[in-house]
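To start, I am sharing the structure in question, which I have written as C-alpha cells.
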Amino acid sequence: MTRAKPSWLTSAVITLASLVLAFLVAAIIMVFSDTEITAKFAYFFDRPSDALSASWAKIAATFQAMVVGSVGSFVELTETMKEATPLIAAGLGVALAFRAGLFNIGAQGQALAGAVVGAYLGFSVKGLPLVVHLPLILIAAMIFGAVWGGLVGLIKARTGAHEVILTIMMNNIAAGAVSYVMLQPFMRAPGRADPISPILEWSATLPRLDGSHLNLGFGLVLLVAFGCWWLLERTKFGLQLQAVGINPDAAAVSGASVSRVTMITMALAGALAGLGGVIVISSPEMSNSFPPQMTGAVIGSLGFDALTVALLGRSRPLGVVLAGLLFGAFKASQREMQLMAGTPRQLTNLIQALIVLFVAAPAFVAWLLPFLRERRGRRAKEVTA
C-alpha cells in the first residue's frame, strides 16, 4: 500500500496553487483594464495575434518589473528585506494567536501602541549610547504592545467576549488615542502645528548596512521567528498553546489553563506587533524621512497586512518569514512596475487581496485541482478511521 504524503505537503501545495491562481486572475484583470489591449480584442477573430501578443507583452513586462524591482540587484534585494521586516514581526504576532485559536485582527492597534511609545522615548531620552537607547525603545514598544494585546486576552479570559470584537475596538481606540497624542505639544516637533514628532535621536535608530537599505531589524525578526518556533515546538507552554487552538475543552481536561494560555498568547502577539510598529519608526527608510519622525499615518496598514502574511504563511514561523519576504517584494517593486510597465501600484494590492481570497478558501483551491481533491478525501477517510 502506498504511504500517504504528509499533510504539510498538501498545505504547501495548496498555498503555492493559491499564489499561482492569484497571479493568473491578476494578469487577466491587468489585461482587460488596459484600454489599448481591449481595443485589439474588438477584432480578435480577424487578427487574434494582435490581442494575444499585446496581452503577453503587458503581463511579461509587469512581472519582469516585479522581479527587477524586488531582486534585480543587491540594493533591490535589501529593499525587499527592509519592507518585509515589520511585516514578519507583526505577522508572527497574528500567527501565534492563530495557533491558539484566537483571531487577532488587532495588530494594527498594537503596532500603533508600540510605535508611539518607541517614538517618544526615541526623541525625549537624550545622551544614551546606541547599545542602551535602541534596546530601550524596542523593549518599551514590545511591553506597551503586550499590554495592548494582553487587555484583549484578559477580557476574553474573564468574560468570554469574542476577540474579534475586542481587537476591532482596540484598533479604533489606538487610532483615536494616537491622533490625540500627536496633537499635544510634547509630541510635536518645535515650530510645527501639524501632527509630527521631533526627530528621533540617532542612538534610537536601527543601524543600516552601508550601500543598502537593510538594517539590523531584519536580523532581529529572524531571531524572533526562531524564538517563536522554539516556543511552539520545544516548550510545554507551546504545546499547551497549540492544544488550546485545536480543542480548548480537551486541553483543559489534560491540565492546561485555557484562560492563562489566552492571556499570555495575546500579550505575546501584542508584543510582536508592537515590535513591528517600532521597527517602522526606528528605520529612517521605513518612515520615509531622514532622520525618522513619528506621524499618525507612518504605520500605514501594517497590522492588516500582517493578517495576510500570517494567512499565507499558514501560521508557521518559517511560513511567515517567507510570506513576509513575498509581500516585501510586492512593496519594493511598485515603483519599477509603474516605470517599466506602466502598471498602477494598486495592482500589488489586488494581488495581495486575491492571495488572501484563495489562501482563505483551501477547499475551493482543492476543488479546482483534482489531485488535491483526491488527497483531501483520502486524508478525511484516514482521520475517520
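Every number here is computed from the coordinates shown, using simple stated rules; none is lab data. Owing to the predicted nature of the structure, the values given are computational and were not obtained by experimental measurement. Heads up, the Cβs are rebuilt from the backbone with ideal geometry, glycines too, and the neighbour counts pull from every protein chain shown.
At q = 0.06, 0.09 Å⁻¹, what base-10 log of I(q)/I(0) does the Debye formula yield for the chain when every alpha carbon is treated as an equal point scatterer in vacuo?
-0.27, -0.59
Where does the charge balance sit around Ile88 when Lys and Arg score +1, Asp and Glu -1, over other residues with C-beta under 14 Å from its C-beta?
Neighbourhood net charge equals +1.
Please arrange Thr85, Thr10 by counting, for each residue, the other beta carbons lying within 10 Å of its beta carbon, fewest first.
Exposure proxy ranking, most exposed first: Thr10, Thr85.
Once amide H atoms are placed 1.01 Å from N in the peptide plane, what residues at a sequence separation of 5 or more from Asn215, or on another chain, have their amide H within under 5 Å of its amide H?
Distant-sequence amide H within range of Asn215: Leu209.
I need the phi-derived Karplus couplings for the range 149-156: 6.51 cos²θ - 1.76 cosθ + 1.60, θ = phi - 60°, integer Hz, Gly and Pro marked x.
x, x, 4, 5, x, 5, 5, 5
If you don't mind, another one. Taking the Cα centre of the range 72-323 as the origin and placing charges on Cβ (Lys, Arg +1; Asp, Glu -1), which of Ile264, Ala193, Val280 is farthest toward the positive end of the dipole?
After comparing all options, I get Ile264.
May I pose another question? Once you mark the trypsin sites (Lys or Arg not before Pro) that are in a DSSP loop and have at most 10 other Cβ atoms within 10 Å, what is the longest gap between them in the chain?
Of all site-free stretches, the longest is 127-385.
Whole-Hz ³J(HN,Hα) for each residue in the range 193-209, computed from phi via Karplus 6.51 cos²θ - 1.76 cosθ + 1.60 with θ = phi - 60°, x for glycine and proline: what do you get?
Each residue of the range 193-209 in turn: 9, 7, x, 9, 7, x, 5, 5, 4, 4, 6, 9, 10, 6, x, 10, 6 Hz.
Could you work out the local net charge near Trp230, counting Lys and Arg as +1, Asp and Glu as -1, over the other residues with Cβ closer than 14 Å to its Cβ?
Neighbourhood net charge equals +3.
Could you please report the charge total around Ser124, scoring K, R as +1 and D, E as -1 over all other residues with beta-carbon less than 15 angstrom from its beta-carbon?
Charge balance in the 15 Å sphere: +1.
Each residue of the range 237-251 in turn: what ³J(HN,Hα) in whole Hz from Karplus with 6.51, -1.76, 1.60 and θ = phi - 60°, glycine and Pro shown as x?
Each residue's phi maps through the Karplus curve to give 4, x, 5, 5, 4, 5, 5, 5, x, 7, 7, x, 5, 5, 5 Hz.
Give the order of Ser197, Ser124, Ser315 when sorted by the count of other beta carbons within 10 angstrom, beginning with the fewest. Write down the numbers at each step before the final one.
Details: Ser197 25, Ser124 14, Ser315 20.
If I rank by nearby Cβ atoms, fewest first, I get Ser124, Ser315, Ser197.
Under a 5 Å amide H to amide H cut-off, with H placed in plane at 1.01 Å, what residues pair with Ile196 once short-range neighbours are removed?
Ala189
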